[in-house]
Structure formats: structure tokens, C-alpha cells
Amino acid sequence: MAGVRDQLRSDLRDAMRAKDVARRSTIRMVEAAIKNAEIEKRGTELAENDILAILQRQVKQRRESIEQFTQGGREDLAEKERIEIAIIEAYLPQQLTRDDVEVRARSVIEQVGATGPGDRGKVMGMLMKDLRGQADGSLVNAVVGELLAEAAESE
């Protein structure tokens, strides 16, 4: 099975042939982020999970930029970021729905015996290992917070 890295390289060649400027520049930015991470790790090639984490960070950065651009009245720049998100998300695994995250969170809460908000760290640590690349961290954090508040109330 071809990895994300190989797919990026192949898609970059296709984008260049098709003169797809948005796809080409987005893939180049992603490849630069991957290369920078490898340099930080002293030239070690990154594992697939590390590359997926970089892709998620790229999406998160763009979502934050969209928020800033929208507040600043720069809808043109926000739209450019939305296009880049769509391109990057094509390389990420299918994201879990809120309901799926909730089911997994309940399972982890039960496993660790969490009883309230003070146990958030234990729950998040285990859950994020399990959900890495499959769900946005802010969504997971929100779901865990709600479930732990419920658990504390029922005590």
C-alpha cells in the first residue's frame, strides 16, 4: 500500500501537469512541513502516523486562519484557506463523528474509572492515543469535558 508521502508526490506531479495551482502550492507547503519535521528529527524519515499528525496540524492552522480572516473581513483569504483544507483532508483518514467519539470516550472513562473533571488528563491521554488521526482534538476535549461533568453530577 502506498503511503501518504508517495501519494503526495504523485499528486504533486499530476497537479503540475494539470496546472492546478491551488493543489500544487498546498501539496508543496505540506511537503515542506514534513521535511522540516524530519530535519528536527535529525533527518530521520517520519512514520505514517507522524505525517498524519502534521497534516492535522496543517488543517488546524488553516481553520484558525479562517477564523481570523473572517473576523477581519477578508473572505477572499478565508476561502483560499478552505480550499487548502479540502485538499489536505483528502490525505487524512475519514474523521469520526461526534457520536463515535462519544462512544469511545465513554469506554475510556469506564476503563480508567474517571468520576469527574479532575480525571480529564487520564482520559484524554488514553483517548487521543486511540483516536490520533481520526478525530479533531478540540472535539474530543469537548466531548470528554461534557461526559466528565455528567459523571460528576451523577455521583
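The values are calculated or read from the model by the stated rules, or taken from the named source; none is laboratory data. In this text the structure is predicted, and so the values were computed from the model without any measurement. No Cβ is skipped: glycine too gets one built from the backbone with ideal geometry, and neighbour counts run over all protein chains shown.
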Could you go through region 63-79 and let me know if any residue there is closer than 27 Å to ARG5 by Cβ and outside the structural domain of ARG23 (by TED's automatic domain parsing).
no
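Considering only residues that are among the hydrophobic types (A, V, I, L, M, F, W, C) and without any contact (Cβ under 8 Å) to a residue 60 or more places away in the chain, which ones fall in region 76-106?
Result: LEU77, ALA78, ILE85, ALA86, ALA90, LEU92, LEU96, VAL101, VAL103, ALA105.
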Elements of type helices (runs of 4 or more DSSP H) contained in region 6-107, each with 3 or more residues being within 19 Å of the chain's Cα centre (by Cα), of a type in the set (Asp, Glu) and surrounded by fewer than 18 Cβ atoms within 10 Å (Cβ to Cβ)
48-71
How many residues does region 125-151 hold that are within 19 Å of GLU89 (Cα to Cα), crowded, with 18+ Cβ neighbours inside 10 Å and modelled with pLDDT of 80 or more?
1
